[in-house]
Amino acid sequence: MYCADGQGQQGQQEARVGNGAPQVCLVYHYFNDPVFGFGHVRIQSWAPFNIFICLNGRHWLERQLQKQGIDYVKDGNCFVRIEDIAAAQVLLHEQLKTDWAKLLNGLRWAALPGIVADSSSVGTGVLLVCG
């Protein structure tokens, strides 16, 4: 969880009602998904409780290369060698055909089990941040 005080830009206090500085708290749910690799879900603790989901396309590609048995060398977040570049490019293009609403909603509900029993009243707007 990350919390910060109510300092505005350039250190100026924001206008607010109440006695103390408002707290801004973000809840992070980190995961290591068998398909997508490492990522996180960030949930705002104030209305409208926005949810941000971060996936790393390179982690996802790494899982795909492993599944296909394609050899590679990775240094940090960078592929320095891939045995079959053409096959890796095909795998990357397959990522673009993803049903993002289904994928992201699945990650959202995994991060928030039991919070909302009926998802029909919840909006479908989800921001995806890829690395």
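Within the option set 107, 91, being modelled with pLDDT under 90, outside any loop (DSSP other than H, G, I, E, B) and hydrophobic (A, V, I, L, M, F, W, C) holds for one residue only, 107. Screening region 1-56 for strands (runs of 3 or more DSSP E) wholly inside it with 1 or more residues that are more than 13 Å from the chain's Cα centre (by Cα) and modelled with pLDDT of 75 or more returns the ranges 24-33, 37-44. Of the residues making up region 57-88, those that are out of contact with any helix residue (DSSP H, G or I) (no Cβ under 8 Å at 6 or more places or on another chain), of a type in the set (A, V, I, L, M, F, W, C) and either outside any helix (DSSP H, G or I) or closer than 24 Å to residue 28 by Cβ (or both) number 2.
When you look at residue 101, is it farther than 17 Å from residue 29 by Cβ, among the hydrophobic types (A, V, I, L, M, F, W, C) and at pLDDT below 90, yes or no? Yes: the conditions hold for residue 101.
The values are calculated or read from the model by the stated rules, or taken from the named source; none is laboratory data. Owing to the predicted nature of the structure, the values given are computational and were not obtained by experimental measurement. Please note: Cβ atoms are built from the backbone with ideal geometry, for glycine as well, and neighbour counts cover all protein chains shown.
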